[in-house]
1. Specify the residue that is nearest to Leu197 (Cα to Cα); the eligible residues are those in the stretch 129-142 that are crowded, with 18+ Cβ neighbours inside 10 Å and at pLDDT 65 or above.
2. Within the stretch 25-44, identify whether any single residue is touching a helix residue (DSSP H, G or I) at 6+ places or on another chain (Cβ under 9 Å), charged (D, E, K, R) and not in a loop (DSSP other than H, G, I, E, B), and answer yes or no.
3. Could you look through the stretch 64-114, keep only residues that are touching a strand residue (DSSP E or B) at 6+ places or on another chain (Cβ under 7 Å) and among the polar types (S, T, N, Q), and pick out the one that is nearest to Arg33 (Cα to Cα)?
4. Could you look through the stretch 62-75, keep only residues that are assigned to a helix (DSSP H, G or I) and surrounded by fewer than 18 Cβ atoms within 10 Å (Cβ to Cβ), and pick out the one that is farthest from the chain's Cα centre (by Cα)?
5. With respect to the numbered conditions (1) surrounded by fewer than 17 Cβ atoms within 10 Å (Cβ to Cβ); (2) at pLDDT 95 or above, which one is the sole condition not fulfilled by Gln213?
6. For the condition within 20 Å of Asp204 (Cα to Cα) and not aromatic (Phe, Trp, Tyr), what is the one hit in Arg105, Arg89, Arg76?
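The values are calculated or read from the model by the stated rules, or taken from the named source; none is laboratory data. Quantities reported herein were computed from a predicted structural model and do not represent experimental measurements. Here the Cβ is made from the backbone with ideal geometry for all residues, glycine too, and neighbour counts use every protein chain on show.
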Amino acid sequence: MSPTDSKSLLQATKPNNQREQAYGSFTQHLLARNLYPGQFISQRELVELTGLGLGAIRELIPRLETEGLIKTIPKRGMQIAHVDLNLIRDAFEFRLCIETEAAARFALDATSDEIAQIRAQHQAIIEQCQEPAASIDAPADFIAQAQAVDWGFHTTVVDALGNRIISDAYRVNMIKIRLIKQEQTQLRPSVLLPTMLEHMDVIDAMETRNSEQATALMRKHIIGARNRALEKR
């Protein structure tokens, strides 16, 4: 490749990198609660928040609108996605469509080592939840670890489909799911333990290669999460 070609490639790649940086920064601030559902925000405020240029922010906005993370309100500006009944129903319906099929496929296609690793991660969380002191309170780092195991399980199962389009769409939807959960009560072991045990039921079915049972248990798990979210409204 000639120096001229290399320069052209860098020039073509840089804007794309800036768009990805802007998107990553926006979602990080959103999930860190520096932005909150329903908030109105200007392009200038996004520039200050992300530390990126106005051009990158302007290129970011259509993507955020397409993904339903913001919407433009005439004469008022841009509004962060508002958590309402429609968002809850739509986001969990999407999960049901994707994750039930993914659970069935994972039960048949995942290696025994992959399933064993997921089981070990969950077992470690369950054991900590069952400790006497954990029933009263839990440190923030343990909550973060448990959430990582929770979200990691679902993401791993979906990614195993090997479909980039589905994985990308699923990650956008999980941002919305996390926004929904942020409005709920702080997670405690009393909430985490039932979640981990439900996961273990799915893992048991996967381990025995029972795809129908894995599908049914994943559906039950997601519907339960949806119903808890709806009860908070």
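1. If we filter the stretch 129-142 for residues that are crowded, with 18+ Cβ neighbours inside 10 Å, which is where we start, we get 129, 134, 138.
When the remaining residues are screened for being at pLDDT 65 or above, the result is 129, 138.
On the way: Cys129: 11, Ala138: 18 Å.
Filtering first and then ranking leaves Cys129.
2. Checked the stretch 25-44: at least one residue is touching a helix residue (DSSP H, G or I) at 6+ places or on another chain (Cβ under 9 Å), charged (D, E, K, R) and not in a loop (DSSP other than H, G, I, E, B).
3. If we take residues in the stretch 64-114 being touching a strand residue (DSSP E or B) at 6+ places or on another chain (Cβ under 7 Å) and among the polar types (S, T, N, Q), then Gln79 is nearest to Arg33 (Cα to Cα).
4. As a first pass, look at the stretch 62-75 and keep what is assigned to a helix (DSSP H, G or I): 62-66.
Filter once more, so that each one left must be surrounded by fewer than 18 Cβ atoms within 10 Å (Cβ to Cβ): 62-63, 65-66.
Details: Pro62: 21, Arg63: 17, Glu65: 18, Thr66: 17 Å.
Looking at residues that are assigned to a helix (DSSP H, G or I) and surrounded by fewer than 18 Cβ atoms within 10 Å (Cβ to Cβ), I get Pro62.
5. It fails just one condition, (1).
6. Step by step, each of Arg105, Arg89, Arg76 is checked, and only Arg105 is within 20 Å of Asp204 (Cα to Cα) and not aromatic (Phe, Trp, Tyr).
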